[in-house]
1. At q = 0.25, 0.32 Å⁻¹, what is the base-10 log of I(q)/I(0) for segment 28-77 according to the Debye formula with one equal point scatterer per Cα and no solvent? Please give it to two decimals.
2. How large is the accessible surface per residue of the chain, computed with a 1.4 Å probe and reported in Å² as a whole number?
3. Helix-only estimate, please: 222 nm mean residue ellipticity of the chain, summing -39500 (n - 2.57) across DSSP H runs of length 4 or more and dividing by its residues, to the nearest 500.
4. Got a number for carbon plus sulfur as a percent of the chain's accessible area, 1.4 Å probe?
5. Short version: ³J(HN,Hα) in whole Hz for each residue of segment 4-10, in order, from phi by Karplus 6.51 cos²θ - 1.76 cosθ + 1.60 (θ = phi - 60°), x for Gly and Pro, what are they?
Amino acid sequence: MISNLIIPIIVLVIIFYGLKKKVNIYDEFLIGVKEGIDISLKLFPTIFAMILAIDILIKSNIINDLVNILKPVLDFL
């Protein structure tokens, strides 16, 4: 039950804090959204490349082969 209330409580605390400090909450929210979108667009190529590389490694069974090669050594340790 508490886990369902944490995010709404945090949002309400932020809203009340902004009202207390007399900040235009909506404008600040829009600025934050714009910055978040900019960061997401900058990170997208890197995340896409990582997902693609991991998918290639999984489908090529290189990870399974590496585990099979290292298994005797790791079992000994």
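1. -0.88, -1.02
2. So the chain comes to 96 Å² accessible per residue, rounded to a whole number.
3. Details: 3 runs with 69 residues, N = 77.
One gets -31500 deg cm²/dmol as the mean residue ellipticity at 222 nm.
4. Taking all protein chains in place, the chain shows 75 percent carbon and sulfur surface.
5. 6, 9, 4, 5, x, 5, 4
The values are calculated or read from the model by the stated rules, or taken from the named source; none is laboratory data. Note that the structure is a prediction, hence the values are computed from the model and not measured. The accessibility values were calculated without ligands, DNA or RNA, using every heavy atom of the protein model including side chains. Shrake-Rupley method; radii C 1.70, N 1.55, O 1.52, S 1.80 Å.
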